[in-house]
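Asker: This is the structure, below, for whatever I ask next.
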Amino acid sequence: MELYEMTAAQLSEKLESKEISSCELTQAVIDRINSVDGKVKAYLTVNAEEAIEQAKAVDNKRISGEKLPKLAGIPIGIKDNISTKGIKTTCASKMLENYVPPFDATVIEKIKASDMVLLGKLNMDEFAMGSSTENSYFNVTHNPFDLDKVPGGSSGGSAAAVSAREAIVALGSDTGGSIRQPSANCGVVGLKPTYGSVSRYGLVAFASSLDQIGPIGKSVKDVAMVQDIICGRDKMDATSAVREYTSIADSLTGDVSGVKIGIPNEYFGEAIDDDVKTAVMNAVHELEKAGAKVCEISLPSAKYALPAYYIISSAEASSNLARFDGVRYGYRAKDYTDLVDMYEKTRSEGFGSEVKRRIMLGTFVLSSGYYDAYYKQAKLMQRKIAGEYKAAFNEVDVIATPTAPFTACKIGQNIDDPLKMYACDICTVTVNIAGLPAVSLPCGMDRSNMPVGLQLIGDSFCEDKILGAAYAYEKLIGGFAAPTL
Amino acid sequence: MNDEYEVVIGLETHAELSTESKIYCSCKNKFGIEVNTEVCPICMALPGTLPTLNERVVDYAIKMGHALNCKINRVCKQDRKNYFYPDLPKAYQISQSDIPLCENGYVDILVNGESKRIGITRIHIEEDAGKLLHATSFEGSSLVDLNRCGVPLIEIVSEPDMRSSAEAKAYLETLKSILSYLDICDCKMQEGSIRCDVNVSVHKKGTPFGTRTEMKNVNSFSAAVRGIEYEQKRQIAALEAGETVVQETRRWDDAQGISVSMRTKEDAHDYRYFPEPDLLTISVDEKRVEELKAQIPELPTQKILRYVQKLGLPQQDATIIAENVDLANFFDECTQKGGASPKIAANWLLGDISKYLNETGKTLGETKLTPEKMTELIGYIEKNTISTASGKKIFEIIVAEDKPIKQLIDDMGLAQVSDTSELEALADKVLAENEPSVTSYKNGKTNALGYLVGQCMKASKGKANPGMMKEIILKKLGE
């Protein structure tokens, strides 16, 4: 087995026993990037030299006998909307093509403090808006299971890089499914943590009340280990929760007996592909056989989550993206007659069409005379949906649904049909609307041999429960399949 | 002004709060420093940055709320006000829209000796924007200084309760005075610490209010007076000419003394307010609200009443002292701790002390004068240890130098002679030398008494106790 094929948990042991060095490992991953990224195109920036330097420094620390954090020396890829000091952070937009942040996001500070090695920056849908990574200004990323297909999105680069073994683990961001849906599409594990558990400071905002950074890995344990590093109260983010966190990775036992799993019928309707339903229910039965209690539940307002999501997220985006005005940084149009003309041309030329669509939608729903009809209604619906989830978690520990209604689409298949593209998020957005944690993990293949994702949703700050069930499933089936490239 | 008309004025006053750091980041809140030096990724709105609220801002605003008798909304939120302008890096200002921190208050103002109550609609917290710099040397472009971005502001919105420019001025003076009493604003008008937008309408008495205009760019209280007077004349002239007043935002041009239309209602911005998702709901516990209330000092209006009713000062004197927090505190120390006579202390403050401050441009705190010393000096005069004239000489020294008064009196030989036998000997000598005056006094010309006392004072080189001297002369003239 090649080093780049191993999980972070396995590599951590080899590094600690000095069987391998971080330099060897990092070099192996960089070589892998060099050999397959021409096909996958997951990376926007590869930080090769600095990564090797960093790996050397970690090795030196280890040689000198320093006690290092668990994931010290493990290479990690970062979605390109997370600010990295001195490394371009483009959000896959022409607007920020040459933007280099002068500061690190809080999660990057934590990653660095854990001595993890920063491999580079990963492709995404522009400003995290999209479900296929086709909205990147720079290039399309290809699904490692079928290069003609999309990797999902918006964290398509992160999911594809882990899937193609071009990164041991990666960070993505999830506003409406952007970690889970590409993880499902690429056959990897992705966690969208509870809103407020991971600092958003340094994450270029799409929809502030829904955005959350989270880990993507090849195994449940890897995801848990990275989550243990990045979670925590941050005084730089007023919305980060004030609470103590215990290790999720240490809590994973593989025992699922007595865990109550709820199946909401609303998530198994006509919009969901039959192969997906079958794979998800097979996985649930595996868990049931291992001792989990399965019951049907109802989340009647779930169908309103998608419209509520598109109203709230677009409204916030229209305001969050207003700062890209060509005045201080980023793209500025070349020829303009006055200030307003400069604004208009800069924003017309600097943003792609999906971003502009969301800005217009968001501007509309916040406009005087429309606010009450759209934004206010959507916020009311948000409260109702969150209430239904709360009630459900009085009955069950975990809610199981498909992550996405169908497996990865062909590149170009939906790009001109925004509504069809938005429908990819139908199973994931509710979780963001309710601020809950959810994990997507592979649960088999569909008829075209593309990975299907199982989504396990938990109550706030109950990452241990959903990852516990996911870990049990992973043990039961003996691990997840890798693509052949 | 045409007597048939009445003017209606409402004011929106912005005051910069004098907190150590800015409202949403840890940059220092400073004025007059090199451009773009107190800036950070947060106040420059770099992608990914987030605001965190400086709790002191909430405290300061609640204090103002208490001082203006407002209801404090212990639970309130912050909202985004969206608009594009190069001095606003986020392209939205964090402010408060439908739920302000404080609302439904009032303040009493004094105009021509009459008290009038002005309603306060609301007080909310928000952030200031940067400043655009325009100069020909920039070759057609403008530059932006972001030091002021994120400086905390409170916006105080009044009810349309004022009926003259004089009332508006008195209202602004009162707000300024309260802000300095609370020590929450520098109140430096020339630095823009207090700015206001003026809403003006006119209507014929006994008819409903007219259409209002909002005037921006009013940078001083006197400009507010000029702006209001111009605007009421302009509106009355329009109505008299059979035109209507257009609801619009106008810009006051103080140099030219005119207001010009900026935008009409149709062009008004749609600010698309919505709750700021990056910040939590503000929730202030009742205990904190009460603690802040307990910190509110006696405010100028209460002071004026006390000075007039309890201490017997004339209203005008009381007002001048009370509106200046430095003078008022000094006065209170002299009269309360030191036990100085309020009238004498007031005379010193409004006389020699004010004169000195005006001449030197200093504040009271910048002089060497302390309430203790002033009280001591007043005591020497009241006990006749020194004359009033000598007291003024000593004042001139102790206002500039830290010297003990007792020693000055000794060194300068200013102690008055109050020894009866010494004074009687002096009287005998002067009366003997001024026979004609003595005679004319005895013939009924009583003003000769003053001359004789004066001669005694002169002979004593001003050291004789004038009261005792007069009594002794009177006694001797009666013999």
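The values are calculated or read from the model by the stated rules, or taken from the named source; none is laboratory data. Predicted model, so just to flag it, every value in this text is computed and none were measured. Cβ sites come from the backbone with ideal geometry, for glycine too, and all protein chains shown count toward neighbours.
Asker: Would you check which residues across region B:80-109 are charged (D, E, K, R) and either surrounded by fewer than 24 Cβ atoms within 10 Å (Cβ to Cβ) or under 23 Å from the mean Cα position of the chain (by Cα) (or both) and list them? Give the steps one after another, and end with the answer.
Answerer: As a first pass, look at region B:80-109 and keep what is charged (D, E, K, R): B:80-81, B:87, B:90, B:98, B:103, B:108.
Listed by number, the residues that qualify are B:Lys81, B:Asp87, B:Asp98, B:Glu103, B:Asp108.
Asker: Let me ask you something else. It is to be established whether one or more residues within region B:283-296 are within 30 Å of B:Ala91 (Cα to Cα) and either within 14 Å of another protein chain (Cβ to nearest Cβ) or modelled with pLDDT of 95 or more (or both). Write out each step before concluding.
Answerer: Just the residues of region B:283-296 that are within 30 Å of B:Ala91 (Cα to Cα), to begin with: B:283-284.
In the following step, the residues that additionally are either within 14 Å of another protein chain (Cβ to nearest Cβ) or modelled with pLDDT of 95 or more (or both) were identified as B:283-284.
Yes, because at least one residue in region B:283-296 is within 30 Å of B:Ala91 (Cα to Cα) and either within 14 Å of another protein chain (Cβ to nearest Cβ) or modelled with pLDDT of 95 or more (or both).
Asker: If you check A:Asn81 against the conditions, is it under 16 Å from the mean Cα position of the chain (by Cα) and at pLDDT 95 or above?
Answerer: Against the criterion (under 16 Å from the mean Cα position of the chain (by Cα) and at pLDDT 95 or above), A:Asn81 qualifies.
Asker: Yes or no: region B:74-85 includes at least one residue that is within 11 Å of chain A (Cβ to nearest Cβ), touching a residue at least 40 places away in the same chain (Cβ under 8 Å) and among the acidic types (Asp, Glu).
Answerer: Our first condition is that a residue be within 11 Å of chain A (Cβ to nearest Cβ); within region B:74-85, this holds for B:78-85.
Cutting the leftovers down to touching a residue at least 40 places away in the same chain (Cβ under 8 Å) gives us B:78-83, B:85.
Of the ones still in play, those that are also among the acidic types (Asp, Glu) are B:79.
Checking region B:74-85: at least one residue is within 11 Å of chain A (Cβ to nearest Cβ), touching a residue at least 40 places away in the same chain (Cβ under 8 Å) and among the acidic types (Asp, Glu).
Asker: Residue under question is B:Arg234, and the condition is that it be within 14 Å of chain A (Cβ to nearest Cβ), basic (Lys, Arg) and either without any contact (Cβ under 8 Å) to a residue 40 or more places away in the chain or assigned to a loop (DSSP other than H, G, I, E, B) (or both); does it hold?
Answerer: Working: within 14 Å of chain A (Cβ to nearest Cβ): no; basic (Lys, Arg): yes; either without any contact (Cβ under 8 Å) to a residue 40 or more places away in the chain or assigned to a loop (DSSP other than H, G, I, E, B) (or both): yes.
Taking the combined requirement at face value, the residue does not satisfy it.
Asker: Determine which member of the set A:Thr45, A:Thr26 is touching a Lys or Arg at 6+ places or on another chain (Cβ under 8 Å), surrounded by 15 or more Cβ atoms within 10 Å (Cβ to Cβ) and of a type in the set (Val, Ile, Thr). Don't jump to the end; show me each part of the working.
Answerer: Working: A:Thr26 fails: touching a Lys or Arg at 6+ places or on another chain (Cβ under 8 Å).
Going through A:Thr45, A:Thr26 in turn, the sole match is A:Thr45.
Asker: Starting from residues that are closer than 13 Å to B:Tyr5 by Cβ and among the polar types (S, T, N, Q), keep the ones in region B:197-221 and report whichever is surrounded by the fewest Cβ atoms within 10 Å (Cβ to Cβ).
Answerer: B:Thr207
Asker: Is it the case that some residue within region B:269-288 is surrounded by fewer than 17 Cβ atoms within 10 Å (Cβ to Cβ) and closer than 20 Å to B:Glu214 by Cα?
Answerer: yes
Asker: Could you give every pair whose Cβ atoms fall below 8 Å, whose first residue belongs to region A:20-41 and is β-branched (Val, Ile, Thr), and whose second residue is at pLDDT below 95, counting only separations of at least 6 or pairs across chains?
Answerer: A:Val36/A:Leu485; A:Val40/A:Leu485
Asker: Output the residue which, of all residues in region B:245-298 that are of a type in the set (A, V, I, L, M, F, W, C) and assigned to a loop (DSSP other than H, G, I, E, B), is nearest to the chain's Cα centre (by Cα).
Answerer: If we filter region B:245-298 for residues that are of a type in the set (A, V, I, L, M, F, W, C), which is where we start, we get B:245-246, B:252, B:255, B:258, B:260, B:262, B:268, B:274, B:279-280, B:282, B:284, B:289, B:292, B:294, B:296.
Okay, now just the ones that are also assigned to a loop (DSSP other than H, G, I, E, B), so B:245-246, B:255, B:268, B:279-280, B:284, B:296.
Values: B:Val245: 35, B:Val246: 35, B:Ala255: 25, B:Ala268: 34, B:Leu279: 34, B:Leu280: 35, B:Val284: 29, B:Ile296: 16 Å.
Here the answer is B:Ile296.
Asker: Look through B:Ile381, B:Ile394, B:Ile321 and report the one residue that is crowded, with 18+ Cβ neighbours inside 10 Å, at pLDDT below 90 and in contact with a helix residue (DSSP H, G or I) (Cβ under 7 Å, 6 or more places away or on another chain).
Answerer: Numbers: B:Ile394 fails: at pLDDT below 90; B:Ile321 fails: at pLDDT below 90.
So the residue among B:Ile381, B:Ile394, B:Ile321 that is crowded, with 18+ Cβ neighbours inside 10 Å, at pLDDT below 90 and in contact with a helix residue (DSSP H, G or I) (Cβ under 7 Å, 6 or more places away or on another chain) is B:Ile381.
Asker: Next question, about the same structure. Identify all residues within region A:63-93 that are at negative phi, more than 14 Å from chain B (Cβ to nearest Cβ) and out of contact with any helix residue (DSSP H, G or I) (no Cβ under 7 Å at 6 or more places or on another chain); write none if there are none. If you could, list the steps in order and put the result at the bottom.
Answerer: Quick first cut of region A:63-93, residues at negative phi only: A:63-64, A:66-72, A:74-85, A:87-90, A:93.
Cutting the leftovers down to more than 14 Å from chain B (Cβ to nearest Cβ) gives us A:63-64, A:66-72, A:74-77.
Within region A:63-93, A:Ile63, A:Ser64, A:Glu66, A:Lys67, A:Pro69 qualify.
Asker: Can you report the number of residues in region A:284-320 which are within 22 Å of the chain's Cα centre (by Cα) and aliphatic (A, V, I, L, M)? Talk me through it step by step, then tell me what you get.
Answerer: Let us first name the residues in region A:284-320 that are within 22 Å of the chain's Cα centre (by Cα), namely A:302, A:305-318, A:320.
Applying the additional criterion that residues be aliphatic (A, V, I, L, M) yields A:302, A:305-306, A:308, A:311-312, A:315, A:317.
Final tally of qualifying residues: 8.
Asker: When region B:92-126 is examined, which residues are found to be in contact (Cβ under 8 Å) with a residue 60 or more places away in the chain and in contact with a Cys (Cβ under 7 Å, 6 or more places away or on another chain)?
Answerer: Once the filter is applied, which keeps residues that are in contact (Cβ under 8 Å) with a residue 60 or more places away in the chain and in contact with a Cys (Cβ under 7 Å, 6 or more places away or on another chain), region B:92-126 yields B:Leu101, B:Ile123.
Asker: Go through region A:94-110 and give me each residue that's at the interface with chain B (Cβ under 10 Å from one of its Cβ atoms), assigned to a loop (DSSP other than H, G, I, E, B) and under 22 Å from A:Ser348 (Cα atoms).
Answerer: Matches in region A:94-110: A:Tyr99 only.
Asker: Let me ask another. Being within 13 Å of chain A (Cβ to nearest Cβ) and touching a residue at least 24 places away in the same chain (Cβ under 8 Å) is the filter here, so list the residues in region B:249-279 that pass it.
Answerer: Of everything in region B:249-279, those that are within 13 Å of chain A (Cβ to nearest Cβ) and touching a residue at least 24 places away in the same chain (Cβ under 8 Å) turn out to be B:His269, B:Tyr271, B:Arg272, B:Tyr273, B:Phe274, B:Pro275, B:Glu276, B:Asp278, B:Leu279.
Asker: Which number in (1) at pLDDT below 95; (2) crowded, with 21+ Cβ neighbours inside 10 Å; (3) farther than 19 Å from B:Glu16 by Cα marks the one condition that B:Ile228 misses?
Answerer: So the condition that B:Ile228 fails would be (1).
Asker: Can you tell me which of (1) out of contact with any helix residue (DSSP H, G or I) (no Cβ under 8 Å at 6 or more places or on another chain); (2) more than 14 Å from every other protein chain (Cβ to nearest Cβ) is the one A:Ser240 doesn't meet?
Answerer: Of (1) out of contact with any helix residue (DSSP H, G or I) (no Cβ under 8 Å at 6 or more places or on another chain); (2) more than 14 Å from every other protein chain (Cβ to nearest Cβ), only one is false for A:Ser240: (2).
Asker: Let me ask you something else. If you take just the helices (runs of 4 or more DSSP H) that sit entirely in region A:321-417, which of them hold at least 2 residues that are within 22 Å of the chain's Cα centre (by Cα), more than 9 Å from chain B (Cβ to nearest Cβ) and in contact (Cβ under 8 Å) with a residue 24 or more places away in the chain? Let's see the steps before the verdict.
Answerer: Details: elements: A:339-350, A:353-366, A:377-392.
Fully inside region A:321-417 and qualifying: A:353-366, A:377-392.
Asker: With (1) surrounded by fewer than 22 Cβ atoms within 10 Å (Cβ to Cβ); (2) touching a residue at least 40 places away in the same chain (Cβ under 8 Å); (3) at positive phi as the list, and B:Gly150 as the residue in question, which single condition is left unmet?
Answerer: Of everything listed in (1) surrounded by fewer than 22 Cβ atoms within 10 Å (Cβ to Cβ); (2) touching a residue at least 40 places away in the same chain (Cβ under 8 Å); (3) at positive phi, B:Gly150 misses just condition (1).
Asker: List every residue pair whose Cβ atoms lie under 7 Å apart, where the two residues are 6 or more positions apart in sequence or sit on different chains, the first residue falls within region B:409-420 and is more than 22 Å from B:Ile397 (Cα to Cα), and the second residue, located anywhere, is not hydroxyl-bearing (Ser, Thr, Tyr).
Answerer: Final answer for the pair search is B:Val417/B:Leu423; B:Val417/B:Lys463; B:Val417/B:Ala464; B:Val417/B:Asn465; B:Ser418/B:Asn384; B:Ser418/B:Asn465; B:Ser418/B:Met468.
Asker: While we're looking at this one, here's another question. Filter region B:30-45 down to the residues that are buried (at least 22 other Cβ atoms within 10 Å of the Cβ) and not charged (D, E, K, R), then identify the one that is nearest to the other protein chains (Cβ to nearest Cβ). I'd like the intermediate steps shown before the answer.
Answerer: Residues of region B:30-45 that are buried (at least 22 other Cβ atoms within 10 Å of the Cβ), as a first pass: B:38, B:42-43, B:45.
Remaining after also requiring not charged (D, E, K, R): B:42-43, B:45.
Values: B:Ile42: 8, B:Cys43: 11, B:Ala45: 5 Å.
Among those that are buried (at least 22 other Cβ atoms within 10 Å of the Cβ) and not charged (D, E, K, R), it is B:Ala45.
Asker: Same structure, new question: When you go through B:Val57, B:Val7 one by one, which is the residue that is under 30 Å from B:Thr319 (Cβ atoms), over 20 Å from the mean Cα position of the chain (by Cα) and modelled with pLDDT of 95 or more? I'd like the intermediate steps shown before the answer.
Answerer: On the way: B:Val57 fails: under 30 Å from B:Thr319 (Cβ atoms).
After ruling out the rest, the residue left standing is B:Val7.
Asker: When region A:293-320 is examined, which residues are found to be of a type in the set (Val, Ile, Thr) and either assigned to a helix (DSSP H, G or I) or within 14 Å of chain B (Cβ to nearest Cβ) (or both)?
Answerer: To start, the set of residues in region A:293-320 that are of a type in the set (Val, Ile, Thr) comprises A:294, A:297, A:311-312.
Scanning region A:293-320 gives A:Ile311, A:Ile312.
Asker: Would you check if B:Glu359 is loosely packed, with under 12 Cβ neighbours inside 10 Å, outside any helix (DSSP H, G or I), at pLDDT 90 or above and under 31 Å from the mean Cα position of the chain (by Cα)? First the steps, then the outcome.
Answerer: Details: loosely packed, with under 12 Cβ neighbours inside 10 Å: yes; outside any helix (DSSP H, G or I): no; at pLDDT 90 or above: yes; under 31 Å from the mean Cα position of the chain (by Cα): yes.
Considered against the rule, which asks whether it is loosely packed, with under 12 Cβ neighbours inside 10 Å, outside any helix (DSSP H, G or I), at pLDDT 90 or above and under 31 Å from the mean Cα position of the chain (by Cα), B:Glu359 comes out as no.
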